[in-house]
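A.B. asks: One structure, as structure tokens, below. Some questions next.
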Amino acid sequence: MTDVKSEVFQGTLDLMVLKTLEVLGPLHGYGIARRIEQLSDQLLRLNEGTVYASLLRLAQKGWIRSEWGTSENNRRARFYSISNAGRRQLAREAQNWERFSGVIGKILQMQAGG
Amino acid sequence: MLTAMRVFASRLLGSFRRQHFDAGSEEEFQSHLHMLADRFVSQGMTKAEALRAAKQQFGGVAQIEEELRDRSSLALLEALWQDLSYGLRVLRKSPGFAAIAVLTLALGIGANTALFSVVNGVLLNPLPYPHPDKLVTVTSFEPQYGEGSISYPDLQDWVRDNRTLSSLAGYRSFQSFNLIGQTDAQRFSAVNVSASFFPTLGVTPVLGRNFSPAEDQLNAPPAVILSGGFWKTKFGSSPDIVGKTLNLDGKDYTVVGVLPQNFYFCCINFQLGDLYVPLGAAQQPWMRDRKVHTGIYAVGRIKDGVTLAQARSDMDRVARNLAATYPEADKGVGAAVTPVKEEMVKDIQPFLLVLLAAVGFVLLIACVNVANLLLARSTGRAREFAIRAALGASQGRVVRQLLTESVLLSLVGGGLGLLLAFWGTTAGLSILPSTLPRANDVGIDSHVLLFTLIISLLAGALFGLAPALKTSHPDLHETLKEGGRGGSGVRYRTQNIFVIVEMALAVVLLVGAGLTIRTLMHLWSVNPGLDPHNVLGFEVGFPPVPPNTSANALRARVRQLTDKIASVPGLTAVSVDNWRLPMTGADDLPFTIEGQPKPADENSSPDAIWYIAGPGYLNVMKIPLLRGRFLGPQDDANSPGVCVIDEDFARKYFGNQDPIGKRIDPTLTIKEPLEIVGIVGHVKQFGLDESGINASYPQFYTSNFQLPDDILTASESSAGYVVRTQGPPDAFTGAIRGAVHAFNSKAVFYEPETMDSVISDSLASRRFAMILLAIFAGLALVLASIGIYGVISYIAGQRTHEIGIRIALGAQRRDILKIVLGHGTRLALIGVAVGLAASAGLTRLMSKILFGVSSLDPLTFICVAVVLTLVALAACYVPARRAMKVDPMVALRYE
């Protein structure tokens, strides 16, 4: 299991949350947690509370906004949505991530003598 | 950057308006938990199971909340506030501890602030002139003698030929005038200055104008600029003074301007005057002689865009050209260019830097002491921190709390220290007047405040960090189990090291103070070559005489006045002394020796310090007569010229020959050869600490009554006298003043000065350093003994239990005393050893301010070691006795 406390994970989690909000539109913390759980095929187990730390970080940077609303099963919940700055950031980060994972991939595929 | 600012702003906002920006609120969490639980219920769990599972999957609500709180507000600011109020509460609960810590720090920080305010005023602050960094002094420079005064023709050529100075102005202090009033006369000090002097400094008269170049010429109509103080006391600040005339030495001077009250300049041989008159108008014939250097110095301003090095090489070029043009006068005479600020402080700088280092050590000791106190206290608080850690406080948080408390202490200490510093410098500067150049610039300004704040914070961090780190690593388990008794050897080790460090620091300071004290003691025991006790020097200013008064009439006047003064009861000897008191200022006269080959040019001719004296001089000064006779009353204008030389003169110029009967020819000034009639002892003209070439600089004496007519006439307006008194000389000034007045009601008695004060003034900056170093060392001694006392009592207290067991098992009380005392002694001895080693390295840095004492003076080192060890033993004795008296029953039951 991934170490939830590492800085790398924080950044990754922020990226996942941002992407989730971009794709699914306004969503509450519970919904975000579900989506990440679902997408990661249970590989990534996280304390769902940490999602809120991520949301706070993103909100402080101005990349997401929030407003109170009512959930599908009638509970009061705060809905988060991505801002324009957030979309730009996401595009940047996604690019970085792809470049980075590409490099890692190449390195990992290296073979002796190759 | 922008993002960072936004984060900061939102955090700032968050710390004030929490509810508006509260991602992850309680309600939000609850809602999340319920949704999660609903899901588990729909998967078949019971409600209770579902809730438990939801909580597990969510993670600790409290922890998340804590984390979010840290984030959502300015965590630091808020925690700081929390820590502060908590710290204040803690400190209030132990007022004794807080008071001792704050006081210790106040002493340390106060001493540093006080000294820094001096260093700041004297060394760091810019001078009070526009673009002060462009101001330089320009002096003549001869490799053999160093910096010296300039001849007036040279100065004029320097002004004309240089290309790097926007202006260059000469000055000549220590002049004076009789101001003739309606009924009486008064004496006022004056300075000759070039017309460009005040413009060079950037000083504008508050009234009237500066001198014009036309006034700065020989035979120009006499003009005078008044100092602000003179204008105020003499003329009540009358605004219509400009254009009026003053009768100075019988000549009418027109007042052209008044200087600002706060005008201040202090540089080589510049002394503020009551009056300023143009230098170029000075009548003396030697003013036109390129070979005569009598007291003229110069200050200049470097042109914009020109560096100091360029100015120096430019002045070098000018001086070399002059040496080529006038080899007989200027060969070997260079021009030295020095920034004014450097020139002003160069004598005091080494003292201040040593003092600054010393006072830094005092603060270090204070910090170590407080760190020790904190450490001792933190043992008591170990349980508190263990509990907090167990409840989830991070290590960083605990360190922060402890640091906040220590910084709180140091800030309060710093505030108090600022007050101490303010009082200390005010009192100190009034006790030690005129020792310090720029003493007026010393005060508490924003730099000093900033300095105090920074050292307070640094000190707080310094003494807080060690205990904080120590305490924040507790072995939770052990501490809680042990019931707070603490007492691991490691903690003692830190305290032991602290004690050793402060002992060592105290040793260094005591050694430094000891060395300066030894230097002064040594200097006081140096024989100046004369007996300075009960000697009074003073000057008498005469009213103007008719223009064609004969030189013999002037000689008769001096002789009559000598007799008149001698009639004052209680004076055992009186002599005229046309120059200033010995050891205050000197004139140097070149001469040739008859029968010895003539030197190639003036500059390589022998020279010596020239004293003008009357027959009674030797009895006044009690200079030993070694051979022959001294100047007598029979040596007058009608008898052959004679002189008396000192032992160094004899040794240097005559070696094994007998100088008596030989003749020297001071060609320049005295136009006839003088026969040597006696040899006297050497006077330490350059101060008790004279050394190097100055230590054996030859001296000779001629009679005032054999001075050539032209010299006598040129200096007829005043005469110097020295008298030996029975008892304190100050008691005689009234009677002497009366005698002078009785002699001539318009004669002025002025500038009385005792020879003792001349000598004591010459040691003033050393005494200043000694007093402060002694204060700092005393402070260090007290702090260090408090430190060792505190640690030994603390450790003994912690060991009460152990001691109780030992006693119960049959240990003798004496053994207990030995254990505790032995511990203290061991620490003290190690500290002393480390300190001595450090001193051996550090005192070399202060060799500049030592004299006659090696920086490794064994006596000082041994005394300091003994004193400090004894003091440490005494400090340990109290807790040792207390430990000895431990009642085993009480000690054992106590746990």
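What follows is calculated from the coordinates using simple rules that are stated; it is not laboratory data. Model, not experiment: these values are computed from the prediction. Every residue, glycine among them, receives a Cβ derived from its backbone with ideal geometry; neighbour counts consider all protein chains shown.
A.B. asks: When N is the residue count of segment B:255-339, what does its C-alpha Rg come to as a fraction of 2.2 N^0.38 Å?
C.D. replies: Normalised Cα radius of gyration, segment B:255-339: 1.35.
A.B. asks: I would also like to ask the following. Using Cα-only point scatterers and the Debye equation, what is log10 of I(q)/I(0) for segment B:144-331 at each q in 0.14, 0.18 Å⁻¹, rounded to two decimals?
C.D. replies: Debye output, listed in q order: -0.80, -1.22.
A.B. asks: Identify all aspartates and glutamates with a Cα-Cα distance to B:Lys55 below 13 Å; exclude those on the same chain that are fewer than 8 residues away in sequence.
C.D. replies: Partners within reach: A:Glu48, B:Asp38.
A.B. asks: Over the whole of A:75-82, what's the average partner chain Cβ count within 10 Å per residue? Rounded to a whole number, please.
C.D. replies: 3
A.B. asks: While we're looking at this one, here's another question. When the Karplus curve 6.51 cos²θ - 1.76 cosθ + 1.60 is applied with θ = phi - 60°, which whole-Hz ³J(HN,Hα) does each residue of segment B:457-462 get, with x for Gly and Pro?
C.D. replies: 4, 4, 4, x, 5, 5
A.B. asks: Run the helix sum for the protein assembly as shown: -39,500 (n - 2.57) per DSSP H stretch of 4+ residues, divided by residue count, reported at 222 nm to the nearest 500 deg cm²/dmol. Don't jump to the answer; show the numbers that get you there.
C.D. replies: Numbers: 33 runs with 528 residues, N = 1009.
One gets -17500 deg cm²/dmol as the mean residue ellipticity at 222 nm.
A.B. asks: If the cut-off is a Cα-Cα distance under 20 Å, which aspartates and glutamates reach B:Lys251, setting aside same-chain residues fewer than 8 apart in sequence?
C.D. replies: Answer for B:Lys251, where 20 Å is the Cα cut-off: B:Asp184, B:Glu215, B:Asp216, B:Asp274, B:Asp710, B:Glu716, listed by chain and number.
A.B. asks: Just how large is the dipole of the protein assembly as shown about the Cα centre, in debye to the nearest 20, putting +1 at every Lys and Arg Cβ and -1 at every Asp and Glu Cβ?
C.D. replies: Here the size comes out at about 4440 debye.
A.B. asks: Sequence gap at least 6, Cα distance under 8 Å: using those rules, report the relative contact order of chain B to the nearest whole percent.
C.D. replies: 15 percent
A.B. asks: How are the C-alpha pair distances of chain A spread across 10 Å bins, as whole percents from the shortest bin up?
C.D. replies: The distribution over chain A is 13, 41, 31, 10, 4, 1, 0, given as percents.
A.B. asks: Kindly put B:Arg52, B:Arg766, A:Arg34, A:Arg78 in sequence by how many other C-beta atoms sit within 10 Å of each C-beta, fewest to most.
C.D. replies: Numbers: B:Arg52 14, B:Arg766 20, A:Arg34 17, A:Arg78 23.
Going from sparsest to densest Cβ surroundings: B:Arg52, A:Arg34, B:Arg766, A:Arg78.
A.B. asks: On alpha carbon coordinates alone, what is the Rg over Rh value for the protein assembly as shown, Rh being the Kirkwood radius?
C.D. replies: 1.15
A.B. asks: A further question follows. With an 8 Å cut-off on Cα pairs and a minimum separation of 6 or more residues, tell me the relative contact order of segment A:7-109 in percent.
C.D. replies: Across segment A:7-109, relative contact order equals 30 percent.
A.B. asks: Let me see the pair-distance distribution of segment B:544-743: every alpha carbon pair, 10 Å bin width, integer percents in order.
C.D. replies: 8, 34, 36, 18, 4, 0
A.B. asks: Here is a further query. Using 10 Å bins from zero, what percent of all Cα-Cα pairs in segment B:700-807 falls into each bin?
C.D. replies: Binned Cα distances yield the sequence 10, 19, 20, 13, 10, 9, 8, 6, 5, 2.
A.B. asks: Past the 45 angstrom mark, what percentage of all C-alpha to C-alpha distances in chain B do you count? Each step should come with its number before you reach the end.
C.D. replies: Working: 193824 of 400065 pairs.
Here the tail beyond 45 Å accounts for 48 percent of pairs.
A.B. asks: Rounded, prolate or oblate: which one fits segment B:765-895, using the alpha carbon gyration tensor with axes a ≥ b ≥ c (rounded when a/c is under 1.5, else prolate when a/b beats b/c, else oblate)?
C.D. replies: Here segment B:765-895 falls in the prolate category.
A.B. asks: Count neighbours as other Cβ atoms within 10 Å of each site's Cβ, and list the trypsin sites (Lys or Arg not before Pro) in segment B:115-223 that are DSSP loop with at most 16 such neighbours.
C.D. replies: B:Arg163, B:Arg209
A.B. asks: For B:Asp531 and B:Ala811, what does the FRET efficiency come to when R0 = 41 Å and r is the distance between their Cβ atoms, rounded to the nearest 0.05?
C.D. replies: Given R0 = 41 Å and the Cβ-Cβ separation, E is 0.05.
A.B. asks: Counting only C-alpha contacts under 8 Å and six or more residues apart, can you give the relative contact order of segment B:144-331 as a whole percent?
C.D. replies: 34 percent
A.B. asks: Considering only Cα-Cα distances, which of the following residue pairs are longer than 24 Å: B:Lys652/B:Lys684; B:Lys291/B:Lys341; B:Lys93/B:Lys470; A:Lys19/B:Lys47; B:Lys346/B:Lys622?
C.D. replies: B:Lys291/B:Lys341; A:Lys19/B:Lys47; B:Lys346/B:Lys622
A.B. asks: State to the nearest 20 debye the size of the charge dipole of chain B about its Cα centre, where the only charges are +1 on K and R beta carbons and -1 on D and E beta carbons.
C.D. replies: The calculation lands at about 3700 debye.
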